[in-house]
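What follows is a short report on a single structure.
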Amino acid sequence: MHPYEVLRRPIVTEKTTLQGDQGRYTFEVHPQANKHQVKEAVERAFDVEVTAVNIITVPGKRRRYGRHVSAPHPWKKATVKLAEGQSIGFFEGV
C-alpha cells in the first residue's frame, strides 16, 4: 500500500486538539493499514519523527430507518506520538 493511501483524514475534536499540545495527533487511516505503514506515512507526509503509534478499530453505530436496521462499516483510528519538540503545523489554529 502506498504511504499516501494510508492516511485518510485528520480527526479534529476537542480531545484531539488538546492532545496536540502533548505531541499526539489522530488520523482516520485505511482499514488494512498497520502501525508500521501509519508511521511511515506520517513521517513522509509531514517530515517529522514518530515515536509511537496506537491503532483502534471503531465499530460502526447501528442506525434505524423505520423497520430497517443497518450499521456502517467499522473504521480505523490511529493516534501518533511525535518526538520531543516536533509538531505538525497542519493542526495549528484549528
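Coordinate-derived values only; no laboratory data. In this text, all values refer to a predicted model and were calculated from it rather than measured experimentally. For neighbour counting, all protein chains shown are included, and Cβ atoms are generated from backbone atoms with ideal geometry for every residue, glycine included.
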Near the amide H of Gly23, under 5 Å away, which other amide H atoms are found, from residues 5 or more places off or on another chain, if H is placed in the peptide plane? none
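Helix-only mean residue ellipticity at 222 nm, the chain, DSSP H runs n ≥ 4 weighted -39,500 (n - 2.57), per residue, nearest 500. What is it? Intermediate values should be presented prior to the final figure.
On the way: 3 runs with 22 residues, N = 94.
My calculation for the chain gives -6000 deg cm²/dmol from helical runs alone.
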Please list the equivalent ellipsoid semi-axes of the chain, computed as the square roots of five times the alpha-carbon gyration tensor eigenvalues, in descending order and whole angstrom. 28, 16, 10
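Pull out the extension gain between Thr57 and Glu43, defined as 0.36 nm times the separation in residues minus the alpha carbon to alpha carbon distance; nm, one decimal. Mind showing how you got there, number by number?
On the way: separation 14, 0.36 × 14 = 5.04 nm, distance 2.18 nm.
Answer, rounded to one decimal: 2.9 nm.
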Give the residue from Ile11, Trp75, His36 lying farthest towards the positive end of the charge dipole for region 3-85; charges sit on Cβ (+1 for Lys and Arg, -1 for Asp and Glu) and the dipole is referred to the Cα centre. Trp75
Using each residue's phi in region 43-56, evaluate 6.51 cos²θ - 1.76 cosθ + 1.60 at θ = phi - 60° and report the 3J(HN,Hα) Karplus result to the nearest Hz, with x for Gly and Pro. 5, 6, 6, 10, 6, 10, 9, 9, 9, 8, 9, 10, 10, 9
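So what is the relative contact order of region 3-85, in percent, for Cα pairs below 8 Å that sit 6 or more residues apart? It would help to have the intermediate numbers written out before the result.
Values: 141 pairs, mean separation 28.0, N = 83.
That works out to 34 percent.
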Please turn the phi angles of region 12-21 into ³J(HN,Hα) values with the Karplus equation 6.51 cos²θ - 1.76 cosθ + 1.60 (θ = phi - 60°), one per residue in order, whole Hz, x for glycine and proline. 10, 9, 4, 5, 5, 5, 5, 5, x, 5
